[in-house]
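Contents: one structure, followed by commentary.
The values are calculated or read from the model by the stated rules, or taken from the named source; none is laboratory data. Note that the structure is a prediction, hence the values are computed from the model and not measured. Methodologically, a virtual Cβ is constructed for each residue, glycine included, from the backbone with ideal geometry; neighbour enumeration extends over all protein chains shown. The protein model used for the area step is the full one, side chains on, heavy atoms only, and it has no ligands, DNA or RNA in it. Shrake-Rupley method; radii C 1.70, N 1.55, O 1.52, S 1.80 Å.
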Amino acid sequence: MTNNLNNNNNNNLNNNNNDDDNIIENIIKKSAESLIRQAAEIMPGGVNSPVRAFKSVDMKPVIIKNAKGSKIYDYNGKEYIDYVLSYGPMLLGHADERVVNAVKKTSESGFSFGATTENEILLAKLINKHFPSIEMLRLVNSGTEAVMSAIRLARGYTEKEKIIKFEGCYHGHSDSMLVKAGSGALTTSVPSSAGITKCTSEDTLVASYNDIESVKTLFLKNKGTIAAVIIEPVAANMGVVLPDDGFLKSLCELTRENNALIIFDEVITGFRVSMGGAQELFDLKPDITCLGKIIGGGLPIGAFGGRKDIIEYLSPIGPVYQAGTLSGNPICVAAGIATLKAIEDGNAVPKANEAAKYLVNNLTVEFKKFQDKITINSISSLFTIFFKKGSVNNFRDVMEADTEQFKKFFRIILNEGLFTAPSQYEAMFLSSAHSKEDLDKTLSIIKKATEQVLN
């Protein structure tokens, strides 16, 4: 009798547990839609960065729950092969154990001190090891902050006010850089932004990428007033656009002839196109370099640095003020050190490059039958598929891409399990964690999608 009672109690307990599991499962299934609605009520567009809203592809945003290696999972548990990689930082793939362990260990000692730590020095030395042009640097909290600070420094150092940027290049959302910008500003069809004063925009001059004559013209028309030229040495925020042979070298020479500085925004390309970034790849030495993304392994961080005489113009040594309560945050720095060391030890850059090469070579063959409708730009471990005939060398070429075709393409590949940026104007990123199986599945999905869209 007692045994029967115990058995009945156990059965009831198991049934209750099953009921609880079913309730939880049903809540999770409903939660993705619920979270989208809640997000829209409390955050503009339901997002904290515009491109995440999926507005340009006329879809509801994907709500991500977790990720590991080359895979990312939405709130309904669907698995995707990830080619966003947090827009570049996850060169090792998601949740790499070496980085996770570094973050855990560091967090146990405190989150932030408002004082210098040993690891800040170590990260700075690791960056200098691969970027010899960065003789001194300062850590900040984002790529946007790095660029904003670098521009202020360039103006202070040269005692000039104007900056030249390139149409379609994105350098963060500081006021002076949102003039004819790329990335999310293109995706939302707002190449500039409201809220930027007339005088700010007047101090930002815009040249055409890969057109050295357009830069020469601006120097001639603004003699003695240009502090610096800032450029993505490989444009990656209007889709991937490569510099023409000799363009960057000519640009560096032109700035020096005009007593201006050259700033390389390597927030995306740093430690990705090569360990020493685009400047190593093209054998160039900018005056100032901006970094971010990979140097924090996915945690918020940025850095700007360059020639010692320029960087020493910063407070407290020099007259250019720049500060940040959380700059050099211990946890972000620890993640950065672990990431850079893991990249070194595991040859992550060549591995990611080889994965991208495999994809791009096979896609190039596949796209031959659609050569009047599609093209692909690539370098190292990033590439963009443009729905456009012919080459893509500048902003004007980019704007000829067929965004309706991209929209159809995106919906198909997302449904089939590829997570890419919901914008024609972004790059696809590879990591060292992408497997041959991932790549072959990706090729199959993209082949299917392009045939459906273009046939």
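Of all residues in segment 356-367, those being within 19 Å of G93 (Cα to Cα) and open to solvent by less than 10 Å² (accessible area, probe 1.4 Å) number 2.
Residue-wise test of (1) within 21 Å of the chain's Cα centre (by Cα); (2) of a type in the set (V, I, T); (3) part of a loop (DSSP other than H, G, I, E, B).
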| position | (1), (2), (3) |
| --- | --- |
| C252 | no, no, no |
| N259 | no, no, yes |
| F264 | yes, no, no |
| D283 | no, no, yes |
| G305 | yes, no, no |
| I331 | yes, yes, no |
| V349 | yes, yes, no |
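Scanning for something in contact (Cβ under 8 Å) with a residue 12 or more places away in the chain, among the hydroxyl-bearing types (S, T, Y) and open to solvent by 40 Å² or more (accessible area, probe 1.4 Å), does segment 335-347 turn up at least one residue? Taking every residue of segment 335-347 in turn, none turns out to be in contact (Cβ under 8 Å) with a residue 12 or more places away in the chain, among the hydroxyl-bearing types (S, T, Y) and open to solvent by 40 Å² or more (accessible area, probe 1.4 Å).
In this entry, K125 is excluded by the filter for residues that are open to solvent by 20 Å² or more (accessible area, probe 1.4 Å), free of Cβ contacts under 8 Å to residues at least 24 places away in the same chain, within 30 Å of I72 (Cβ to Cβ) and assigned to a helix (DSSP H, G or I). Of the numbered criteria (1) at pLDDT below 95; (2) not in a helix (DSSP H, G or I), the one Y80 fails is (1). Exactly one residue out of N119, N101 is open to solvent by 60 Å² or more (accessible area, probe 1.4 Å), polar (S, T, N, Q), out of contact with any Lys or Arg (no Cβ under 9 Å at 6 or more places or on another chain) and part of a helix (DSSP H, G or I), and it is N101. Sub-7 Å Cβ pairs linking a first residue in segment 432-455 that is exposed (fewer than 15 other Cβ atoms within 10 Å of the Cβ) and at pLDDT 95 or above to a second residue that is not β-branched (V, I, T) and not in a helix (DSSP H, G or I), at least 6 apart or interchain, are S435/S70, ordered by first then second residue.
Candidates S70, S133: the one that is under 20 Å from the mean Cα position of the chain (by Cα) and crowded, with 17+ Cβ neighbours inside 10 Å is S70.
Set side by side, the residues S327, S250 differ, and just one is surrounded by fewer than 23 Cβ atoms within 10 Å (Cβ to Cβ) and touching a residue at least 60 places away in the same chain (Cβ under 8 Å), which is S327. If only residues of segment 206-234 that are within 23 Å of the chain's Cα centre (by Cα) and among the β-branched types (V, I, T) are counted, the one that is surrounded by the fewest Cβ atoms within 10 Å (Cβ to Cβ) is V206.
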